[in-house]
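Worksheet for the structure shown next.
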Amino acid sequence: MKVTIARTVGIAAAVAGAGLLAAPTASAAPEDVTVDIGVDGNAVVMDVRYDVSGAVVCVMNIVPVDGTLPAATVGPTVVMGGDDGELKATVDPGKYAVQWSCSSVPSFEQWGSIPPLTNGTVEPTIVTVTETSGPGGGGSSGSPFGS
């Protein structure tokens, strides 16, 4: 699923110290941040593309749909303008809500889901992980040394 995010304004605690990482940037437009969330084997992957100068700081929480505590939290991860970034977490099989936020540095514009944002721009993405990791990094032999 590919999502182009509308912007909101706010301040994220995760980027409080990250303002020193980039030069000032112009105000970001909705299409400046592109997020693609999917499943690769037993991992949930969030690809981020930021198309203006500066940086965004992104965080991803993976929460079981029938739970409240994250099964995994990834980040904060800095994605520089014009670059792609990836946040990835291995989880057990199940159905998950992927909650995320990205905040521009130093202008502190935010994109993401409710939660973790109170004024999110999208709903969390629901994914289903069906594969399990096994000994040897998921090899089919079951041997700790792979196949």
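Just so it is clear, none of the values below were taken in a lab; they were calculated from the coordinates. Since we're looking at a predicted model, the values are computed, not measured. Neighbour counts run over all protein chains shown; Cβ positions are idealised from the backbone, glycine included.
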> By per-residue mean of other Cβ atoms within 10 Å, what is the highest-first order of 104-110, 119-125?
Replying inline: 104-110, 119-125
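Could you line up MET46, MET80 from fewest to most neighbouring Cβ atoms inside 10 Å? If you can, show how the numbers build up before the last one.
Details: MET46 24, MET80 15.
Ordered from fewest to most neighbouring Cβ atoms within 10 Å, MET46, MET80 come out as MET80, MET46.
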